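*Asks:* This is the structure I have questions about; it appears just below.
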Amino acid sequence: MTTRKVQTRPHQTSVNSPQAVGYVRVSTVEQATEGISLDTQKAKIRAYCELNGLTLVNIFEDAGKSAKNTKRDGLQELLLLVKSKQIQP
């Protein structure tokens, strides 16, 4: 299963609202292809952002990737953006 970055349309709650990114993951290919887990996780992230006045700018995704280690493309991309200060923790 490949890793993909989910592009989101920024939902502006206000001109000065803080920005947020999300990260979703499931462990198995079956969960990624047959389950609703990824969609449910994304929906919860979107709802949280809306409820808390955050502008969601991106959701990173690792489908079918174990959490045994951090060698997951979506997670690594997110961490790289944090390390390069393109995303503030």
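*Asks:* Name the long-range amide H neighbours of Ile59: under 5 Å, sequence gap of 5 or more, or other chain; modelled H, no Pro or chain starts.
*Replies:* Val6, Thr8, Gly22
*Asks:* Under the rule of at least 5 residues apart or a separate chain, name every residue whose amide H is placed under 5 Å from the amide H of Gly64.
*Replies:* For Gly64, the qualifying residues are Val26, Ser27, Thr28, Ala32.
*Asks:* Also, quick follow-up: Near Ser37, within a Cβ-to-Cβ distance under 13 Å, what is the net charge of the other residues, with Lys and Arg +1 and Asp and Glu -1? Numbers along the way, then the final one.
*Replies:* On the way: positive: Arg25, Lys42, Lys44, Lys65; negative: Glu30, Glu34, Asp39, Glu61, Asp62.
That works out to -1.
*Asks:* While we're on this one: Check cross-link reach from Lys42 to the lysines: straight Cα distance under 20 Å, and skip same-chain residues fewer than eight apart.
*Replies:* Of all the lysines, those that pass the test against Lys42 - Cα under 20 Å, at least 8 places apart if same chain - are Lys5, Lys65.
*Asks:* What list of ³J(HN,Hα) values in whole Hz, one per residue of segment 21-35 in order, does the Karplus curve 6.51 cos²θ - 1.76 cosθ + 1.60 (θ = phi - 60°) give from phi, with Gly and Pro shown as x?
*Replies:* 10, x, 9, 10, 7, 10, 7, 10, 4, 4, 5, 6, 9, 10, x
*Asks:* Using the heavy atoms of the protein chains alone and a 1.4 angstrom probe, what is the accessible area of segment 22-89 per residue in square angstrom?
*Replies:* Details: 4330 Å² over 68 residues.
Per-residue value: 64 Å².
*Asks:* Here is a further query. Tell me, what HN-Hα J-couplings in whole Hz come from the Karplus equation 6.51 cos²θ - 1.76 cosθ + 1.60 at θ = phi - 60° for each residue of segment 46-62, using x for Gly and Pro?
*Replies:* Running phi through 6.51 cos²θ - 1.76 cosθ + 1.60 with θ = phi - 60° gives 4, 5, 4, 4, 5, 5, 9, x, 9, 8, 7, 9, 6, 10, 8, 9, 10 Hz.
The values are calculated or read from the model by the stated rules, or taken from the named source; none is laboratory data. On a predicted model such as this, the values are computed, not experimentally measured, just so you know. A quick note on method: Cβ atoms are made from the backbone with ideal geometry, for glycine too, and the neighbour counts reach across all protein chains shown. Side chains are part of the model used for accessible areas, which takes the heavy atoms of the whole protein and leaves out ligands, DNA and RNA. Shrake-Rupley method; radii C 1.70, N 1.55, O 1.52, S 1.80 Å.
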